[in-house]
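The values are calculated or read from the model by the stated rules, or taken from the named source; none is laboratory data. Small disclaimer: the values here were computed from a predicted structure and weren't measured. Neighbour counts run over all protein chains shown; Cβ positions are idealised from the backbone, glycine included. The protein model used for the area step is the full one, side chains on, heavy atoms only, and it has no ligands, DNA or RNA in it. Shrake-Rupley method; radii C 1.70, N 1.55, O 1.52, S 1.80 Å.
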Amino acid sequence: MMRALSALGDTALLAPTSLLLLAYLAALRRWPDLRALVVMLAAGLGVTLVSKLLFKACGGAIDVVDLNSPSGHASFATLFYGSLTIMLVSGRSRGIALAAGLAAAALVFAIGASRVVQGMHSSEEVVVGWLIGLAGLAIFLALRRPAEVRPLPPVPLAIGLALAIIVVDGRHFSPEHHIGRIARKASAALDICLPPQVTNLKLGAARTMR
């Protein structure tokens with residue numbers, strides 16, 4: 001169950017489905033939503049990457065919290081499912097919007113919790129991922145055209161997401177190893193945070209597969 005939930009927030013699934021969603025918005029000529037989604041994803045995923053680099057280089061120096069790599073699953077899931085829900089409920093009744101919002105929040109929470117249960121991330125790392133995702137959603141809401149009240153047709157989206165889940169079939173993609181290597185090189189080259197040898201020991205003892 002935890003692996004299945006975790007897979008719903010994996011880059012292996014959310015990267016292609018995000019591209020499909022962008023293509024769908026283009027086909028419907030929903031340019032404000034398309035632009036807002038592109039900016040949100042670029043900002044949210046960019047901040048996630050930079051945060052991972054910083055925390056992998058300096059996280060071991062912070063003893064009061066368990067932070068070595070903010071959860072990309074938590075941030076990406078918040079960005080994708082949050083923005084998708086917003087577009088699906090636009091113009092619908094308040095009751096439907098509330099129910100859909102609660103369902104999306106429950107899914108995002110379950111994905112984050114699955115990462116902690118599996119030992120892939122600490123609770124602090126998941127919370128940071130959620131905060132990055134929420135900041136991205138704020139950008140998305142700010143950039144959308146206020147007059148846009150048409151909800152997205154849900155059936156094509158449901159079919160596309162179901163097909164993507166079947167094709168991906170629980171595959172996992174993680175850039176953590178490469179991010180950690182870049183962070184260690186940057187820490188050594190720029191002489192920031194922990195000494196390189198201590199950083200290597202800290203990160204070597206930490207989770208290597210997330």
Out of (1) in contact (Cβ under 8 Å) with a residue 24 or more places away in the chain; (2) open to solvent by 50 Å² or more (accessible area, probe 1.4 Å); (3) of a type in the set (A, V, I, L, M, F, W, C), the one residue 74 does not meet is (2)
Residue count for the range 26-44, restricted to those that are surrounded by 17 or more Cβ atoms within 10 Å (Cβ to Cβ), touching a residue at least 40 places away in the same chain (Cβ under 8 Å) and not small (Gly, Ala, Ser):
5
Take the conditions in contact (Cβ under 8 Å) with a residue 24 or more places away in the chain and within 18 Å of residue 132 (Cβ to Cβ) and apply them to residue 90. Does it pass?
no
Of all residues in the range 116-156 being in contact with a helix residue (DSSP H, G or I) (Cβ under 8 Å, 6 or more places away or on another chain) and of a type in the set (Lys, Arg), the one that is nearest to residue 79 (Cα to Cα)
144
Can you tell me how many residues within the range 1-23 are touching a Leu at 6+ places or on another chain (Cβ under 8 Å), among the small types (Gly, Ala, Ser) and more than 12 Å from residue 112 (Cα to Cα)?
1
Based on this model, can you work out whether residue 132 counts as of a type outside the set (Ser, Thr, Tyr) and either assigned to a loop (DSSP other than H, G, I, E, B) or loosely packed, with under 14 Cβ neighbours inside 10 Å (or both)?
no
